There are 2 protein chains.
Amino acid sequence: MDTMSDELVHPERDEIRIEAVLHALADPVRLHLVREMDRIGVGVACGAIELPVTKSTRTHHLRTLREAGVIRMRKEGTSRIGTVRRDDLDARYPGLLSAILSAES
Amino acid sequence: MDTMSDELVHPERDEIRIEAVLHALADPVRLHLVREMDRIGVGVACGAIELPVTKSTRTHHLRTLREAGVIRMRKEGTSRIGTVRRDDLDARYPGLLSAILSAES
DNA sequence: GTCGAACTACGATGAATCTCGTACTATGGA
DNA sequence: TCCATAGTACGAGATTCATCGTAGTTCGAC
């Protein structure tokens, strides 16, 4: 193809909505994903986080998190490297992410 | 009736789950309800907060918030007085409620 | 007692969504 | 080139959920 904008779609910081963030983090599988990404810190291959769901379900949850603006994903070979958008979330909703991630499950 | 435990059921502070709180606040109608209750501060008649939904839908949302541990409700005549459980939420998830309620909608 | 107001209970309906399996694409190594 | 790996796309099934209407309950006023 010619113009292959091969990048994944992410909302801008200003486009992140609080309802979408809360909905994304309300699911136990997605909350686990985000906790693991945050714990590891640097970009992590999303497939490396073990989950009790299949590959396609994992893809679904990662897309939900990405479209809500909670994580950022970039392609690297055949893998996807995911990071928590802590800077954007802290700027837009100060204290929210810390409060959620520090809560004991 | 004889033993009429006329009180509404609320989870104890220790029983509040973060997933339930996030799910409860992810709905725009419920988030509006909680914001109004928090703004008014003291107990407010739940029916006084105007909403674009019917009475039975309002009841459904108030029950969701109550069962998640976000609000407390007590009976007063034929009305229900609702208050945000800020003390319990702040104790269990410090900063969470402030972060959510101070977010511009 | 009777009436209205506030709220709840219950069932129905349509939409969202969590899950999966299968098929497909893309990347990199042998 | 061939193939394995990592991920996505798509459709299906089951569940959850937001919404409503109607009926029923409870309380206070008259």
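List of remarks:
- The mean number of Cβ atoms from other chains found within 10 Å of a Cβ in peptide B:89-95 is 3, as a whole number.
- Considering only B:L8, B:A48, B:G69, the residue lying farthest towards the positive end of the dipole of segment B:1-97 is B:A48, judged by Cα position with unit charges set on Cβ.
- Take segment B:13-101 with all the other protein chains still there, run a 1.4 Å probe, and you get 49 Å² of accessible area per residue.
- GNM top mover of B:I16, B:I49, B:I71 - chain B, alpha-carbon springs below 10 Å: B:I49
- Centre separation in Å (Cα based) which lies between segment A:1-60 and segment B:27-105: 29
- Chain B, relative contact order in percent, only Cα pairs under 8 angstrom and at least six apart counted: 32
- Lys, Arg +1 and Asp, Glu -1 on Cβ, resulting dipole of the protein assembly as shown about Cα centre, debye, nearest 20: 180
- With all protein chains in place and a 1.4 Å probe, the accessible surface of the protein assembly as shown carries 49 percent carbon and sulfur.
- Efficiency of FRET between B:L8 and A:E12 - r from beta-carbon atoms, R0 41 angstrom, step 0.05: 0.45
- Summing Cβ point charges (Lys, Arg +1; Asp, Glu -1) relative to the Cα centre of chain A gives a dipole of roughly 260 debye.
- Comparing B:A91, B:A20, B:A68 in a Gaussian network model of chain B, where Cα atoms under 10 Å apart are tied by springs, the biggest mean-square fluctuation is seen for B:A91.
- Chain A shape via C-alpha gyration tensor axes, a/c threshold 1.5: oblate
- With N the number of residues in the protein assembly as shown, Rg(Cα) / (2.2 N^0.38 Å) evaluates to 1.17.
- Gaussian network model of chain B, springs between alpha carbon atoms under 10 Å - residue of B:L33, B:L22, B:L65 with greatest fluctuation: B:L22
- Leaving ligands and nucleic acids aside, the A/B contact buries around 1500 square angstrom of accessible area in total at a 1.4 Å probe radius.
- Shielding of peptide A:7-19 by partners, expressed as the average count of other chain Cβ atoms within 10 Å per residue Cβ, is 2.
The values are calculated or read from the model by the stated rules, or taken from the named source; none is laboratory data. Note that this is a predicted model, so its numbers are computed, not measured. Reconstructed Cβ throughout: ideal geometry from the backbone, glycine too, with neighbour counts over all protein chains shown. Each accessible area value is taken on the protein alone, full model and side chains, heavy atoms only, with ligands, DNA and RNA left out. Shrake-Rupley method; radii C 1.70, N 1.55, O 1.52, S 1.80 Å.
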